[in-house]
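Asks: Submitted below is the structure of interest, expressed as structure tokens.
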Amino acid sequence: MTLGGLEEKLFPNVVSVNGLIDVPPEYRAVVNATMGGYIKTTPLLIGDKVKKGQVLVTIENPEFVTIQQNYMEVNEQLTYLKAEYDRQVTMKAENITSQKSFLKAESDYKMAVAKHRGLEKQLSMLHISPSRVRSGEITSVVSVLAPISGRVTKVNVTKGTYVSPAESILEIIDNDHIHLELSVFEKDIMAIKKGQKIDFKIPEASSETYKAEVHLVGTSIEPNRTIHVHGHLENESENHFLVGMFVEADIITGSISAKALPQESIIEEGGVSYVLVLDEKNGDVYYFNQIEVEVKENYKGYSMIEGAESFQANTAFLTRGAFNLLGE
């Protein structure tokens, strides 16, 4: 058993909030097809890791063949139209051709160039090599590539499914850059500032307390009268959080100094808290008074006591062993 007195301790002012583990928009990607078609291969499962540029699925559509045929035709026409345009330029300079013939040759050539560039861009968007098409290689199957590195979190198709450009094929999330997305009520937002520390827990997964810091404070109020606060995690690479995890967080907005006792010196019985105050010492015999107190806050093993100033400065408390004594 140990005797001790009230100690001056710092207690944080906190704003308690809820939120989620999330990632910035640039680290979340919904994958769509540039053009519709039937899924030919879909080798990935939820949880698979992918790298940027990796083939995710392949899509088959006869329209892909038509685009490549049109590109080859325009590509062949360009040689003739370019030669005809150059001939008309030369003849016009020598005044041996009509303005009408020159303008027609110029128009035909420039229209073909524009169509050629447009078809070439479509092929690039479909990840079909224009140079291979020019060499005669035509395919009805195209690949859909990963826009970012990460893990597959949703797969919405199976082999043989028809997908349109508006449909989501799968979703990729990069968990290497997670953050906290907290919702702070309007009444508390004026106390929140960039750089403040955050203590948070993931109650469904762990009892451990993790650290973060306020990085951004939202500037608009949501319909439920809350404001979004964005927090950056400390040592995020050491933890394996998943996007969507629910978090309970305390944003530390400041601190106050108050008289406190060790938490183990306070005993709770029937919803009422007590401390044992030394009344008299007679040799090796100690006499204590059991006094009811109200605990305002607990922090780092200490409890802030309501009305602590009512105790004299030299008041001695049983700071260790009180539970055993009352139990007897």
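Asks: Starting from the Cα-Cα distance between Lys104 and Val285, subtract it from 0.36 nm times their residue separation and give me the gain in nm to one decimal.
Replies: Length difference between fully extended and current span is 53.4 nm.
Asks: Additional query: Can you give me the solvent accessible area of Glu306 with a 1.4 Å probe, rounded to the nearest 10 Å²?
Replies: Probe radius 1.4 Å; accessible area of Glu306 about 90 Å².
Asks: May I pose another question? Scan the chain and hand back the longest stretch that contains none of the trypsin sites (Lys or Arg not before Pro) lying in DSSP loops with at most 14 other Cβ atoms within 10 Å.
Replies: Segment 53-158 is the longest.
Asks: Roughly how much of His127 is accessible, in Å² to the nearest 10, using a 1.4 Å probe?
Replies: Around 100 Å² of this residue is reachable by solvent.
Asks: Using the structure shown, select from Lys52/Lys194; Lys49/Lys154; Lys197/Lys300; Lys82/Lys104; Lys121/Lys154; Lys49/Lys159 the pairs with a Cα to Cα distance greater than 23 angstrom.
Replies: Lys52/Lys194; Lys121/Lys154
Asks: Could I ask something else about it? Test of understanding: in a Gaussian network model of the chain with alpha carbons linked when under 10 Å, which of Pro43, Pro12, Pro223 would top the mean-square fluctuation ranking?
Replies: Per the Cα network of the chain with a 10 Å cutoff, Pro223 tops the list.
Asks: Follow-up. Could you tell me which GluC sites (Glu not before Pro) in the stretch 153-208 are loop residues by DSSP with no more than 15 other beta carbons within 10 angstrom of their beta carbon?
Replies: The qualifying sites are Glu167, Glu204, Glu208.
Asks: Can you tell which of Ser16, Ser273, Ser98 shows the greatest fluctuation in a Gaussian network model of the chain with Cα springs below 10 Å?
Replies: Among Ser16, Ser273, Ser98, the largest mean-square fluctuation in the Gaussian network model of the chain belongs to Ser98.
Asks: Mind checking the angle between helix 99-125 and the chain's longest principal axis? C-alpha axes, 0 to 90 degrees, to the nearest 10.
Replies: 40
Asks: Find, among the GluC sites (Glu not before Pro) in the stretch 90-145, those assigned to loop by DSSP (not H, G, I, E, B) with at most 12 other beta-carbon atoms within 10 angstrom.
Replies: Those satisfying the criteria are Glu94, Glu137.
Asks: If you don't mind, another one. How high is the relative contact order of the chain? Use alpha-carbon pairs under 8 Å, at least six apart in sequence, and give a whole percent.
Replies: It rounds to 27 percent for the chain.
The values are calculated or read from the model by the stated rules, or taken from the named source; none is laboratory data. Computed from a prediction, not measured in an experiment: that's the story for all the values here. With ideal geometry, Cβ positions are generated from the backbone for all residues, glycine too; neighbour counts draw on all protein chains shown. Just so you know, the surface numbers come from the protein's heavy atoms only, side chains and all, with ligands and any DNA or RNA stripped out. Shrake-Rupley method; radii C 1.70, N 1.55, O 1.52, S 1.80 Å.
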